[in-house]
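Reading through the structure tokens given below for one structure.
The values are calculated or read from the model by the stated rules, or taken from the named source; none is laboratory data. As the structure is a prediction and not an experimental result, all values here were calculated from the model. All Cβ positions, glycine included, derive from the backbone under ideal geometry; neighbour counts span all protein chains shown. Note: areas computed on protein heavy atoms with side chains; ligands, DNA, RNA excluded. Shrake-Rupley method; radii C 1.70, N 1.55, O 1.52, S 1.80 Å.
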Amino acid sequence: MKWKILPKENADLVEQLLINRGLKTSQAKEQFFNPKISNYEKDLNIPGIEKAKVRILEAIKNNELIIVYGDYDVDGICGCAILYKALTSVGAKVLPYIPHREKEGYGLSKLGLEFARDSGATLVITVDNGIVALEQAKFAKGIGLDLIITDHHLPQDIKPDAYEIVHCTKMCGAAVAWCLVRGLIKKDLAHDLLQFVAIATVCDLLPLVGLGRAYVSEGLKILNQTDNIGLISLINESGIRLGNIASYEIGHILGPRLNAMGRLEHAIDSLRLLCTKDPIKAKRLARLLADTNIERQKQTVEAIDSARIQVDKKNSIHVLVHKEWNQGIIGLVAGRITDEFSRPAIAISLGKEVSKGSARSIGGINIVELIRKHSDILVDVGGHPGAAGFSISTKHVKVFKKRMESMKIEILDMEQVLEIDAEVSTSELTKKLVEDLQKFEPFGFGNPRPIFATYGMQISDIRTVGQGKHLKFRADGIDSIAFGMGELLNMLQNDQPVDLVYTIDIDDYNGFEKLQLKVRDIRT
């Protein structure tokens, strides 16, 4: 990888990290280190909320059934839980509905809307979907359903003809839902529901700066003291501890388990876990989510291996197709190929008549707009500049693949670039540094964990762990681990000087605290 060390502008390492994040004024630093949702009140007052609230109160008064129509990813599941808990707390009759990924696909469906009508509902509130559902909104109106859309995805030029739309791209879908109901419910409950907003914000890869940082910072405080039975069961099942949950634990441990059901089975079980009050049921559901996630991991590894074989490095965009890929994992496949080859990637699961596609992109290339240029052969498409999903008739897949791969996109830097915050000496690697870095939490998209480089570190005690997958060694006496670099074992020797790029933290395994470097790259 190409190493790019950011320009040094300050001798103090913490100040340099702030500069690297564009935080130079006292006010910017204050808002970064003490993020508060109240600082963003203007963003919380999303247009459409007042009219939507009047309709919800009318439904409660008339004892109407409200369908909360979510999505099968973490954002949609958490948003569904927020609306269900909030609306039932003020006396509403609520029935949650989450579409099945393979049977219905993303967003509002005719099948789901017919279910709402047949259940006796008169009001449907979407979460994390609906902003591009033009035909579905028309269908809902035709069968007598009032439709309130809450969403954060990119809209098209024409918006759906709904009763009301509450839409904001500055936050995740669950956060939009929270904004809708926060003024309807007790303050204590609104505060408690922020833990679900935090989970959704991290898992939906919203930037952890500004409002997103405030949501996660405040939500993590609640999550680490949660009394939600479902979350407690999931935390226990995952082997992590209350009080030690940060953005990493959400994004890499809790989130994948919540997501797994929607990928392989039905996401309604993840929602049931978040909403149940039965400890026995919670424990059973947490185990189900964990087992399903193990199966998801297995299928993903197999699919990525078969995807790599299809990659033609001459292409600006990689379009990968397989009839045996589960629709629920193609986004993960596209993401991995994008990361490994520094190109936008599209993974397509071939179906008999309709195939599903998922795309991931790199900086500067708006993948959803590129895909929309081929709407003449697509069933539907939606998403963000960095990620998109679509449906396509299977008979058109070859044409779509040929069109996309023939695109000549200017990718300025074809080599993977590893951006490094600062070059540091071994003497600067202390527990005090780790304590200073903890103030930069929550880390995530838009606020990555600081990356450092140190040259000429002497390595020793070299070995592999994890069945040879990972490399462990000591660098200038500091424990170090390089995930996925086990193949370097025979290229390195004890007492050899190397240059390392890494993040640093405290390893408290078995109760003993010691520094640990998590190596991102090695140069001999």
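In the complete set of protein chains, residue-level accessible area for Tyr163 is approximately 80 Å², probe 1.4 angstrom.
The portion of the accessible surface of the range 293-349 made up by carbon and sulfur, rounded to a whole percent, is 49 (1.4 Å probe; DNA, RNA and ligands excluded). Cα centroid separation, the range 106-182 to the range 269-321: 26 Å. The charge dipole of the range 48-167, taken about its Cα centre with unit charges on the Cβ atoms of Lys, Arg (+1), Asp and Glu (-1) only, comes to about 360 debye. Name the residue farthest towards the positive end of the dipole of the chain from the options Leu108, Ala345, Ile268, assuming +1 on Cβ of Lys and Arg, -1 on Cβ of Asp and Glu, about the Cα centre. The Cα lying farthest towards the positive end belongs to Leu108.
The phi-based Karplus calculation (6.51 cos²θ - 1.76 cosθ + 1.60; θ = phi - 60°) puts the 3J(HN,Hα) values of the range 209-218 at 9, x, 4, x, 5, 5, 4, 6, 4, 6 Hz, whole numbers, x for Gly and Pro. Assuming charge only on the beta carbon of Lys and Arg (+1) and of Asp and Glu (-1), the dipole of the chain about its Cα centre is about 1000 debye to the nearest 20. Just the number, please: Stokes-Einstein D of the chain in µm²/s, Kirkwood Rh from C-alpha pairs, 37 °C, 0.692 mPa s. It diffuses with D of about 133 µm²/s by this estimate. The residues Glu58, Glu9, sorted by heavy-atom accessible surface at 1.4 Å with ligands and nucleic acids left out, run Glu9, Glu58 from largest to smallest.
Note on Met1: accessible area is roughly 100 Å² with a 1.4 Å probe, heavy atoms of protein only.
Arg523 exposes around 90 Å² of accessible area when a 1.4 Å probe is run over every protein chain in place. In the context of the full set of protein chains, residues of the range 222-330 present 47 Å² of accessible surface per residue (probe radius 1.4 Å, heavy atoms only).
Summarise the accessible area of the range 127-226 (1.4 Å probe, protein heavy atoms) by the percent that is carbon and sulfur.
On the way: 1900 of 3660 Å².
The nonpolar share, carbon plus sulfur, comes to 52 percent.
Anisotropy class assigned to the range 67-182 is rounded, per the alpha carbon gyration tensor with a/c under the 1.5 cut-off. Distance from the Cα centroid of the range 335-404 to that of the range 75-92 is 32 Å (rounded to whole angstrom).
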